[in-house]
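The values are calculated or read from the model by the stated rules, or taken from the named source; none is laboratory data. Fair warning: this is a prediction, and the values are worked out from it, not measured in the lab. Cβ atoms come from the backbone with ideal geometry, glycine included; neighbour counts cover every protein chain shown.
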Amino acid sequence: MFEIIEDGAKLAEGVKIGHHAIIKSGAEIGKDTIIGDYAYIDSNVVIGKNNYIGTGVVLKGNVQIGNNNHILDKTVIGLPSKHIGYHFYKGRVIIGNNNFISNGCAIDCGNNHLSDKYPELLPYLNTDLPEDADYEDATIIGDRCYILNNVTIHHNCRVGLGKIANCDKEYDTIICSGCCLNGFVQVRKGCELSSGTYIREFASIGEGAFTAMMSCIVKDVPPFSFILNNKNTGYCEKLQKKFHISESQLQKLLISFADSTSHRLKCY
């Protein structure tokens, strides 16, 4: 083995480190986690139990990862956000439990410039998060998200948070290959984004919404909408059945959706 593990790195029982991986001082890696060949784990990274971190994965800056996640080869998580005038700010990335993140994805850390310029948007960033903590500087991936190859998630996005219960499938929220979420986007629990979906800054995609391939989302999308050819064609019955959503539950989600948007965009 030719790994580099600096003094001060904390490795729990059962951790396996691949060839030429670099673990910086201060990093914490939980029990039974596997770190692949040529991976880079930075000083402020905390990884929970039973994770798989693939070949060439870079975890840079302040990254917190929960338990039972698979993060595949050449994914980069935690680089500074790319926002004009603020692209050197180093915030955080928080990833929950039981997620699958495939090859070549890029997830940027958050930044906290909203407090100065747009304080009215802070409630938007804190939707469905504990009130006693400050998440302004974080990009957040929730639980049970399935994210395929070459997905880009920019600063301060929220993925997999929302008000519907876990389904009886392995994953709740699905983002297919080649999608791009620009800054401050919400993709709420139960959404399915087909390949090549692009979402503009500050857009909210409501629970259980579906976007067809190559969609270009420039407005807020209500819960369980079906977006085809960039138009709202009605409700997505497939996802309503997946999550066992009754008509009364749907109406409650539609009412609460207005409180979880940035109020900057029109609605489809």
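Structural remarks
- Yes/no for Gly56 being part of a loop (DSSP other than H, G, I, E, B), at positive phi, touching an Asp or Glu at 6+ places or on another chain (Cβ under 8 Å) and crowded, with 18+ Cβ neighbours inside 10 Å: yes
- At least 2 residues being at pLDDT 95 or above and under 18 Å from Ser194 (Cα atoms) is the threshold, and among the strands (runs of 3 or more DSSP E) wholly inside the range 120-181 those reaching it are 145-147, 173-175.
- Candidate set from the range 128-147 (those that are under 21 Å from Glu207 (Cβ atoms) and surrounded by fewer than 18 Cβ atoms within 10 Å (Cβ to Cβ)); member that is farthest from the chain's Cα centre (by Cα): Glu131
- Inspection of the range 241-255 identifies no residue that is touching a helix residue (DSSP H, G or I) at 6+ places or on another chain (Cβ under 7 Å) and closer than 20 Å to Cys145 by Cα.
The rows are residues; the columns are (1) over 16 Å from Ile101 (Cα atoms); (2) among the small types (Gly, Ala, Ser).
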| site | (1), (2) |
| --- | --- |
| Asn149 | no, no |
| His155 | yes, no |
| Arg158 | no, no |
| Gly162 | yes, yes |
| Tyr171 | no, no |
| Cys176 | no, no |
| Cys180 | no, no |
| Phe184 | yes, no |
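- Scanning the range 215-268 for residues that are under 27 Å from Leu129 (Cβ atoms) and of a type in the set (Asp, Glu) yields Asp220, Asp259.
- Scanning the range 30-44 for residues that are over 13 Å from Glu6 (Cα atoms), surrounded by 19 or more Cβ atoms within 10 Å (Cβ to Cβ) and in contact with a Lys or Arg (Cβ under 8 Å, 6 or more places away or on another chain) returns Gly30, Thr33, Ile35.
- Matching residues in the range 199-216 - criterion: being surrounded by 19 or more Cβ atoms within 10 Å (Cβ to Cβ) and free of Cβ contacts under 8 Å to residues at least 40 places away in the same chain: Ile199, Ile205, Ala209, Phe210, Thr211, Ser215
- Only one entry in Ser262, Ser225, Ser204 is in contact with a strand residue (DSSP E or B) (Cβ under 6 Å, 6 or more places away or on another chain) and under 22 Å from Ala138 (Cβ atoms), namely Ser204.
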